[in-house]
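Working notes, structure below.
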Amino acid sequence: MSSSTPSSSAGGVGSADSAAPRRNSKRPKYSKFTQQELPACKPILTPRWVISAFMLVSIVFIPIGVVSLFASRDVVEIIDRYETACVPDGYKNDKVTFIQSNLTKQCNRTLTVKKRMKKPIYVYYQLDNFYQNHRRYVKSRSDSQLKENSSWDDVSSCKPEDMSKDQPIVPCGLIAWSLFNDTYNFSLNDQQLAVNKKGISWKSDRDSKFGKDVFPKNFQNGSLKGGATLNPSIPLSEQEDLIVWMRTAALPTFRKLYGKIEQDLQPNDQIHVTLDNNYNTYSFNGKKKLVLSTTSWLGGKNDFLGIAYLTVGGLCFFLALSFTVVYLVKPRRLGDPSYLSWNRNPGGH
Amino acid sequence: MARGRIRAKLRKSHLYSFCLFRSSGSGGQSIGGPGFSRTVYCNEPQVLNQKPYRSNIISTTKYNFFSFLPKALYEQFHRVANLYFLGCAIASLTPLSPFSPVSMIAPLAFVVGLSMAKEGLEDWRRFMQDREVNSRKVHVHNEEGGFGKKTWEDVRVGDVVKVEKDQFFPADLLLLSSNYEDGICYVETMNLDGETNLKAKKALEATLGLDEDDNFNNFKGIIKCEDPNPSLYTFVGNLEYEGKVYAIDPTQILLRDSKLRNTEFVYGVVIFTGHDSKVMQNSTRSPSKRSRVEKKMDYIIYVLFSVLLVISLISSFGFAVEIKYSMPVWWFMRPQDADEYYSPKKPVISGLSHMVTALMLYGYLIPISLYVSIEVVKVLQATFINQDIQMYDEDTGIPAQARTSNLNEELGQVDTILSDKTGTLTCNQMDFLKCSIAGIPYGVSPSEVELAAAQQMANDQEDQGELKTLVASKKEKAHKSPIKGFNFEDNRLMNGNWLKEPTAARIMLFCQILAVCHTAIPELNEETGNYTYEAESPDEGSFLVAARELGFEFFQRTQSSVFVREKYTASGKPIEREYKILNVLEFTSKRKRMTVIVRDEEGQILLLCKGADSIIFDRLSKDGKLYLEDTTRHLNDYGEAGLRTLALAYRKLEESEYTAWNNEFQKAKTSIGADRDAMLENAADMMERDLFLVGATAVEDKLQKGVPQCIDKLAQAGLKLWVLTGDKMETAINIGFACSLLRQGMKQICITESGSEDKQEVKEDILKQITNGLEMIKQENDPHAAFALIIDGKTLAYALEDDMKLKFLGLAVECASVICCRVSPKQKALVTRLVKQGTGKTTLAIGDGANDVGMIQEADIGVGISGVEGMQAVMASDFSVSQFRFLERLLVVHGHWCYKRIAQMICYFFYKNIAFGLTLFYFEAFTGFSGQSVYDDWYMLLFNVVLTSLPVMSLGVFEQDVSSEVCLEFPAVYQQGPRNLFFDWYRILGWMGNGLLCSLIIFFINIIILYDQAFRAEGQTADLAVLGTTMFTCIVWSLNCQIALTMSHFTWIQHVTIGGSIAAWYIFLLIYGALSPRISGDAYQILVEALAPAPIYWQTTLLATIACTLPYMAHIAYQRCFEPEDHHIIQEIKYYRKDVEDQHMWTRERSKARQKTKIGFTARVDAKIRLHKSH
């Protein structure tokens, strides 16, 4: 007992041997991880690296920019703004009254094709100043109701467009209620230009979000009529205009797909558009545009992308050049100790 | 067992003649009054009318099972940021929320849950520790009349307990009796005050008879005493026993957490249990400290809060305007059916309620995960500190320990170190090194100081490259002599050669004094057959070892005698001599001497005395001054060599003279009253006169291993070192020299008290000294001149007064080293506070004893030495190391790393949250300020948790700008921390600006590209989900590439976390897109169907990523090119292996890297070299 207990003997030093086994267990185990000695690569930004990195970026970016710009230039686009033109002269100062009246809304427009347009030609309507991304608007829908017939009465999120005469509305909500209802008919040389309205929505939407057994009910039969009506005998999964509309746009100016013209158009073709100007954008001074556009591999006309790539690529090239010049003119030998702080401020030694 | 035999039935009451058992005197009257109401019925804890005192269960936990949840939650929501998030979470349940409730509540629950789990785990550890203590066993007298084992928690007030050797006392006890007849027992109070020496306690005479188990069957008594209080050294109470009342004083009280030593067993009555016990009353929670970086972070949070408020206001205003003017015409929004929130009739209400929405929406500016990430990172950093094998002390087996993880980065910003001396710089081990006997000096082995001086002289001739040899030879020196406490070498005295010396008789007397004049107890080490000694002070231990080695082995102490075996005698045979102890006059700091009066075998009465030279010299007889001159000279030499000295003297007494004095002395001893002490002292004083000086001893206070080198490195790192010691000025200066804190040619400014009675006069004098010192420094032209400030405790008391302290501090910071001696624990704390508050810089206090606790708690960082002394300092500290020298690695390596890691991590955190949060704000402007978020709720949820958190954490845990070797080779790199180069406002605002730029680039690139045009060859245009997902992809890429640029150290962990974060985003999109549309909404199949086939999606990602990182890339390339920082250069040197190729340069730079250090042995060498060159 006496020998196994540590004691402070002469010199104030305890006996070290007795407790040795316990102590050894406290010894940290060696591993490269715990000692922070893991192998690591420690890249440093040497001039060569800096210049090559900038060069690499410009070498990659400039071709991409050029290609994108070319792709964008290939796209032919016809834009026709019609919301003012389609109001009869007498109503120019009171467009809202006009649009809310029972007057005929038909309107004829002529579009001239400037360049050859290869099929498919996409038909878009573009609205302006229309806040489809407003929080009140975005939330006003019922996804479960759209998908399944069984939850047709799930309209809690749809206020104020949830019930009509105490009957749940299908599809409910402000989005569906305000469905765009201008229609376009195209003819070329007095021949009807067919507009294919199939396949304008996302396939996943048709298959999984809008039910095949869900039919419009009580839609637009309230006192206040919003936008388009729906054919109650066609299931929602086939109501593609609705499906496209229900994908809320990100910005207050947006284009939505109306249909496709599966026919090439030649330069100087005159396309007659007979349109029903039903949709009210006059209350909030919104523009309405009809857009016919081809696409490239990039999508629609998008010069910005190419220009941005060229800009960044050019900037990098410039940076690479200036760094090269700087390194040549005023080189700093790498690892030059004279740059160490204690060598730079004299007086220390 | 040998120990027990030696000491059995040893009567020592007259050995400890008067110093220990002083009656407290004051008790008695107040008992029963307020504050003195405790009544303990001994041996009948079950007495009914006994007041229910607290049980002996201790609990140091913060929470219990029921209180954990409410209390821990309260703690969590104490933080403003958390409170804000709680508000958001609650608001998210209302329709005002821009997000789904789960996306607000889940991160908060995660963050709070994690912090609470950490808290809970720590508390659980404390609980387990408490349980271990509570379930310790002790023998308690039971009703059946015997002693049975009980757990500590069951011990009640009034129980009679029997504590055996080397056990802790379970509660505060009244000592009744021990195995010694006179009721003495020895107690080690290391846990209470850090002192390792044993303290004797003595039972009341009346209870001495209760020393058998059976005697307690009929034992009854009533103790009336003071109420629980934290004073360790007082106790007032009395014991009613067998019809009489006896006063109890602190010498009968055995305190909980102290340990019974050298005593077989004791009996005691429990007085204070559990939290009533003095030690528990004393325990204070150490103040929670926060690092400078974290405090600054609060300001950044405030800045961000302001930004948040401003943009929320803008947004609310915008919303109100939109509601008022636009809403009525937005027929598709059905304004006529709108609820209050959207009603155009009440735009003010709409605006106000939108404020709530906006505050939630832009909450991403305030990184909710920052706190938890920092917490996790710091715990991991602390683990690395704990695991560092190079801070593990093989001798004691104790690794370094980060006891709190809050202050890791603070280690990298230390400016001033305040250090204790004993046990911190020195080992508290004394080596007998030299002596002077009869005017002849003995002892040839050099002290550390002499050695260092000699080495410097050698270095004078050569250049600086010789540092290595110096270090090497120092290391050699570190191999200790085989005998602890003895480093004496001199053939004239060793191996019995002293017999041949002409002064043999004096030498013998000298050794006799060493062997007899002490209060130590010998212990036979059965393995070696040698005796070791339990001594009150290490000095005394080293004397006994020295006497033993010189042939006077003290081997036995009985109640009245000391036995010494003389190995070398004229006859050649060892003889054992007995010295009858007649009186012991104890050593106290006031008396500064110790005397024993013994009768040797011839019947001659001798008075043997050792003490401080000045005291002894005053008491010499005329004849006794024979060697005075020589001895004084030797003492001066020893002092210069940094040794501790004592003078030895003796006197022969006549029988009659002694008897007369002894009568007087006994009378004084038995007298009762206030003047007893004075009488005793007078009596002692009468005897300790007309001494004959025999010689002097010189003992080396051994420096701890590596201390000079460590101080040197710390000085090179630009740190200031203040030594605060309780030792006297001479010793402190000695140690100052030994540590190279002082050197020749340094101008010492000693500030001392004039000794005048008038307080005002003293103050003025001190003020004058301080002003003179400042003047002197101002007038100094030599840039290499160094000053040292030395001040003692009494003077310090004046200097620390409010009207003078700033002036004092002004002087102190101008000096290269500051030594404060004779300072009390309180003053240590005050000095620490003065430096901390006066200079505004980070202070680190390091100490090992209970007297350092105040300083450790006061400093920004407290470091405890977990060594031989008690645990008090360690318990109060934030970090503990087992040796002072590990401080170098702790600061220069871990501190430097942690500082940079945390600083970079926080900067990046703000950057990423600004970059992300602002995109939400810009988008909102495009939604009529309605509070619609562009991202899916789940994206936002994952943003902080999965997609950007791990890389920044790997930065915080693993980043190394330079390797640990380089840190140690270039301590000057450490200065980046104290100068705060990585967390100044310039850098913080730079990062914020970068975040702003990044948010603008990402947002507008995405908006413009996906504005109205088809983004695919199939003609589809982008909707909200497509825009949000693309933008988010850009953010994930940009932020992760940005951090890759920030890092300079890539192990596989960084590769995995950065790559993994980006991959995780795509994996998440795939999984999320594959879930039922009911969950994923518009994000259903988004990657597979919509985005992945569109080249524009990938092009946008690439463009935004490069555009975002380009400014930063250009910035760091520029900076490295034109304004490289030290670590850049060193990285390059290492990268090109220049250090290997051009070793001369490497060595030169290393030596040049020193700051303008004026302390440390390198500075010392430099000073010497300068001196050499100038001649």
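What follows draws every value from the coordinates through simple rules; no lab data is involved. Given the structure is predicted, the values throughout are model-derived calculations rather than measurements. Cβ placement follows ideal geometry from the backbone for every residue including glycine, while neighbour counts extend to all protein chains displayed.
Overview of values
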| quantity | calculated |
| --- | --- |
| Contact order normalised by residue count of the stretch B:156-276, Cα under 8 Å, 6+ apart, percent | 48 percent |
| Shape category assigned to chain A from the gyration tensor of Cα positions, a/c cut at 1.5 | oblate |
| Cα gyration tensor category, rounded, prolate or oblate, for the stretch B:355-409 with a/c compared to 1.5 | prolate |
| Cleavage-rule hits, GluC sites (Glu not before Pro), the stretch B:489-575, DSSP coil, Cβ neighbours within 10 Å at most 12 | B:GLU526, B:GLU527 |
| Sites matching trypsin sites (Lys or Arg not before Pro) across the stretch A:43-106 that sit in DSSP coil, with at most 15 neighbouring C-beta atoms within 10 Å | A:LYS92 |
| Cα centroid separation, the stretch A:100-140 to the stretch B:362-392 (Å) | 55 Å |
| FRET efficiency, A:TYR30 to B:ARG987 (Cβ-Cβ, R0 35 Å, nearest 0.05) | 0.45 |
| B:GLU181 paired with B:ASP395, simple spin-label distance in nm, labels 7 Å along Cα-to-beta-carbon | 4.3 nm |
| Chain B - percent relative contact order, Cα under 8 Å, separation 6 or more | 12 percent |
| Beta bridges per DSSP with both ends in the protein assembly as shown, % antiparallel, nearest 5 | 80 percent |
| Estimated D of the stretch B:837-949 in µm² per second, where Rh is the Kirkwood radius over Cα pairs and Stokes-Einstein applies at 37 °C, 0.692 mPa s | 183 µm²/s |
| Alpha-carbon Debye profile of the protein assembly as shown, log10 I(q)/I(0) at 0.04, 0.05, 0.06 Å⁻¹ | -0.40, -0.58, -0.76 |
| Amide H partners (placed H, <5 Å) of A:ALA250, local residues excluded | B:LEU1024 |
| Separation between Cα centres of the stretch B:630-662 and the stretch B:812-844, rounded to whole Å | 37 Å |
| Using alpha-carbon coordinates, inclination of helix B:802-814 to the longest axis of chain B, degrees | 80 degrees |
| For chain B: span of alpha carbons on each principal axis (Å, largest first) | 124, 90, 61 |
| Cα long-axis angle, helix B:1024-1046 against chain B (0 to 90 degrees, to the nearest 10) | 40 degrees |
| Cα-based helix-to-principal-axis angle, A:47-74 vs chain A, degrees rounded to 10 | 10 degrees |
| Per-residue mean of C-beta atoms belonging to partner chains within 10 Å, peptide A:159-170 | 1 |
| Under 9 Å, Cβ to Cβ, from B:ARG492 - net charge with Lys/Arg +1 and Asp/Glu -1 | -1 |
| At R0 = 30 Å, FRET efficiency that the Cβ-Cβ distance of B:GLU144 and B:LYS244 yields, to 0.05 | 0.55 |
| Residues A:THR84 and A:ASP269, FRET efficiency given R0 of 22 Å [Cβ-Cβ distance, rounded to 0.05] | 0.35 |
| Fewest-first ranking of A:THR104, B:THR631, B:THR503, using other Cβ atoms within 10 Å as the exposure measure | A:THR104, B:THR503, B:THR631 |
| Inter-chain Cβ neighbour average for residues B:1115-1122, partner chain, 10 Å | 5 |
| Cα convex hull volume per residue for the stretch A:200-334 (Å³) | 264 Å³ |
| Relative contact order of chain A, defined on C-alpha pairs under 8 angstrom at six or more residues apart (%) | 31 percent |
| Peptide B:547-557, shielding by other chains (average Cβ, 10 Å cutoff) | 0 |
| Shape category assigned to the stretch B:156-276 from the gyration tensor of Cα positions, a/c cut at 1.5 | oblate |
| Chain B - share of DSSP beta bridges that are antiparallel (%, nearest 5) | 75 percent |
| Centroid-to-centroid separation of the stretch B:1017-1047 and the stretch B:408-450 [C-alpha atoms, Å] | 64 Å |
| Residue-averaged 222 nm ellipticity for the protein assembly as shown, from DSSP H runs of 4+ at -39500 (n - 2.57), nearest 500 | -12500 deg cm²/dmol |
